[in-house]
1. Using DSSP to define loop residues, name the chymotrypsin sites (Phe, Trp or Tyr not before Pro) in the range 5-57 whose beta-carbon has at most 16 other beta-carbon atoms within 10 Å.
2. How far, in nm, would the chain grow between ALA139 and VAL174 when pulled straight, counting 0.36 nm per residue and subtracting the alpha carbon separation?
3. Counting residues in the range 1-83 as N, plug N into 2.2 N^0.38 Å and put the Cα Rg over that result.
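FYI, it's all coordinate maths here, none of it is from the lab. Everything quoted here is computed from the prediction, not taken from an experiment. Cβ sites come from the backbone with ideal geometry, for glycine too, and all protein chains shown count toward neighbours.
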Amino acid sequence: MRAWLYLLAVAVAGAIVTTPAIFVFVLLGGSFNDALVASLGTLMLASGIAVVSMRDIIRCGLAMIVCFLALAGLYVSLGAVMVAATQVIVYIGAISVLILFAIMLTQDKAAPSRLVFQTQAAPAAIAAIIVAVLVSVAAAGTNWGAVSEAAVRVATKDLANLLFGNYVLAFEAVSVLLLAAVIGGVFLAKREKDAS
């Protein structure tokens, strides 16, 4: 019985993700790239909502990984392959896995009846509406035709050369700092459990 529920959930999720793509491609006459951006944006929005609304903290972490994957897909569709690869390696491959390990080592799987961030729903909704209005105004006021694909690729190449050339030591230092923070958090959490 459970397998049918999972299949039904996958079908509903697929419908939610593909509906904007079909709308953009068929009804608005957009290109395949436009439909892909609409689909990935919807997937990122749905998984972001799942991150802050689910009670199971492990599933929240997995939904965060899906959100990061959708963002990497958006980077690929924009032609910034280097940034997408960095997104996958750094955020999905390192930070998300560290967060999941830290959650699994320090907490029970079941969350309390009401999570801390769910008690601030009204202020968060107001802030989200304000941010959505600001982003919409900025997007409407931007001349998107002025940005060429070549400029994006050059900027990505320059960013990669700068990050992995001049600032490679700082990049590695930040990764060691994140690792030390996670190890320290696990150590403190285990010590508090042993003391009580």
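1. Numbers: sites: TYR6, PHE23, PHE25, PHE32; in loops: none.
The qualifying sites: there are none.
2. Stretched fully, the ALA139-VAL174 segment lengthens by 9.4 nm.
3. 1.21
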